[in-house]
Ligand SMILES: NC(=O)c1ccc[n+]([C@@H]2O[C@H](COP(=O)([O-])OP(=O)(O)OC[C@H]3O[C@@H](n4cnc5c(N)ncnc54)[C@H](O)[C@@H]3O)[C@@H](O)[C@H]2O)c1
C-alpha cells in the first residue's frame with residue numbers, strides 16, 4: 001500500500017487544506033505536504049496557526065463547526081491557486 005504523499009510528484013503544485021493545523025497531527029501533515037511541494041492552507045481555531053505562514057502556506061483562523069467556515073476555507077484554497085505571492089509550481 002502506498003504511504004501518504006510518498007513522492008514529491010504526488011502533491012507538488014496541488015493545494016492541500018489541513019484543519020486542526022496549529023498543532024499535533026494536523027500541523028505535522030501540513031508541514032509534510034508543504035515540504036513535498038504542495039501549496040497549503042492551514043486552518044485552526046487557535047490563532048497560533050499563523051506561525052506556520054510562509055510563501056506557499058497561508059493560515060486561516062476559523063472554527064470548522066461554524067456555518068460558512070467551509071466556504072471561507074474554499075476561498076483560501078482558491079487564493080493559493082491564483083495568488084502571485086504564493087508561486088509554488
Ligand atoms: N495524537 C495521537 O496519537 C492521536 C491518536 C489517535 C487519535 N487522535 C485524535 O486525532 C485528533 C487530533 O489529535 P492531535 O494529537 O493532533 O490533537 P491536537 O490537540 O494537537 O490538535 C488538534 C487541533 O485542532 C484544533 N481544533 C480543535 N477544535 C477546532 C475547531 N472547531 N476548528 C478548528 N480547529 C480546531 C485545535 O486548536 C488543535 O490545534 C484528535 O481528535 C485526537 O483525539 C490522536
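Since every read-out is calculated from the coordinates, none of them should be taken as a lab result. Predicted, not measured: the structure shown is a model, and the values here were computed from it. Heads up, the Cβs are rebuilt from the backbone with ideal geometry, glycines too, and the neighbour counts pull from every protein chain shown.
Within segment 28-48, being touching a helix residue (DSSP H, G or I) at 6+ places or on another chain (Cβ under 8 Å) and near the ligand (Cβ under 8 Å from one of its atoms) holds for 43, 44. For segment 21-63, filtered to residues that are in contact with a strand residue (DSSP E or B) (Cβ under 6 Å, 6 or more places away or on another chain) and assigned to a loop (DSSP other than H, G, I, E, B), the residue that is nearest to residue 74 (Cα to Cα) is 62.
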